[in-house]
Amino acid sequence: MAEDFTRIAVMVSGGGTNLQALIDAEKSGIIKSGKIVLVASDNPDAYALKRAAANDIETYIMKGEDYLLKKLEADDIELVVLAGFMKILSADFVSHFPNRMINIHPSLIPSFCGKGCYGLHVHEKALAYGVKVTGATVHYVNEVPDGGRIIAQKAVEIRDDDTPETLQRRVMEQAEWILLPRAAEKVSSILLNEKNK
Ligand code: GAR
């Protein structure tokens, strides 16, 4: 019989605070339709890998898209969550996960997104432009960087004395760490219902 949860792989590149939010959400029951069974990183030094290991989640270092795809297929991964993953995946790779890959981006898409717009750069650009409100977006991943259908967004106010670092932290606390687990649950639940039909 098929498992009664959606098998999730989380892909990371750095600190992994969004991964931590997902792990905590699984423990607290906010994520109840999915289970994180793999954490994959393109960066062998990512602190996120330590968070995974501390929670007994298998880790995998990405050597190339072909190997990663084989690993995800071998592990029967049903949902891929990009949580602070900084590499742009090829259209071919993404096409293997239609409506099965989601990403968190630290701005209100379509502002401050796309190629070259990731991590702290996003907040630098928002401050340089002078917008007064920013936020975070969770969206499905398609072949256009940050271009897939939006699942959820949350706005965060910008303060006059914000630096990229203070803004990044507030967007994480007030938006990302809340939004990503909820979206992961929503999509896990959709996929679980499909599987049980
Ligand atoms: C987060 O702000 C995430 O939204 C962003 O990088 C940070 C990673 O932090 N992702 C992107 O910019 C992707 N385009 P984390 O490793 O602590 O989760």
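The values are calculated or read from the model by the stated rules, or taken from the named source; none is laboratory data. Computed from a predicted model, the values in this text were never measured in an experiment. A quick note on method: Cβ atoms are made from the backbone with ideal geometry, for glycine too, and the neighbour counts reach across all protein chains shown. Each accessible area value is taken on the protein alone, full model and side chains, heavy atoms only, with ligands, DNA and RNA left out. Shrake-Rupley method; radii C 1.70, N 1.55, O 1.52, S 1.80 Å.
Here the extension length gained between GLU194 and THR163 equals 6.7 nm, from 0.36 nm per residue of separation less the Cα-Cα distance.
When a/c is below 1.5 the answer is rounded, else prolate if a/b is larger than b/c, else oblate, so apply that to the range 26-98 with a ≥ b ≥ c taken from the square roots of the Cα gyration tensor eigenvalues. Here the range 26-98 falls in the oblate category. Heavy-atom accessible area with a 1.4 Å probe sorts LYS27, LYS71, LYS87, largest first, into LYS27, LYS87, LYS71. Note on ARG149 and LYS35: the model spin-label points, each 7 Å out from Cα along the C-beta direction, lie 2.8 nm apart. Each helix, a run of at least 4 DSSP H residues, gives -39500 (n - 2.57); summed and divided by the residues of the chain, these come to -11000 deg cm²/dmol at 222 nm. The C-alpha atoms of the chain define a longest principal axis, and helix 17-28 lies at about 50 degrees to it.
Estimated from the Cβ-Cβ distance and a Förster radius of 30 angstrom, the FRET efficiency linking LEU120 and ALA53 is about 0.70.
Over the range 42-113, give the accessible area per residue in Å² for a 1.4 Å probe, as an integer.
Each residue of the range 42-113 exposes 51 Å² on average to a 1.4 Å probe.
Our estimate of slack between GLU65 and TYR129, defined as 0.36 nm per intervening residue step minus the Cα-Cα distance, is 19.5 nm.
Between amide H atoms placed 1.01 Å from N, distances below 5 Å from LEU82 occur with MET11, ILE102, ASN103, ILE104, all of them 5 or more places distant or on a separate chain. Counting protein heavy atoms only, the chain has 51 percent of its accessible area on carbon and sulfur, 1.4 angstrom probe. Placing GLU157, GLU78, GLU173 in order of accessible area, with the largest value first and a 1.4 Å probe, yields GLU157, GLU173, GLU78. Once both axes come from the Cα atoms, what is the angle between helix 177-196 and the longest principal axis of the chain, in degrees from 0 to 90, rounded to 10? The answer is roughly 30 degrees.
Selection among GLY15, VAL138, ALA52 by position relative to the dipole of the chain gives VAL138 as farthest towards the positive end (Cβ unit charges, Cα centre).
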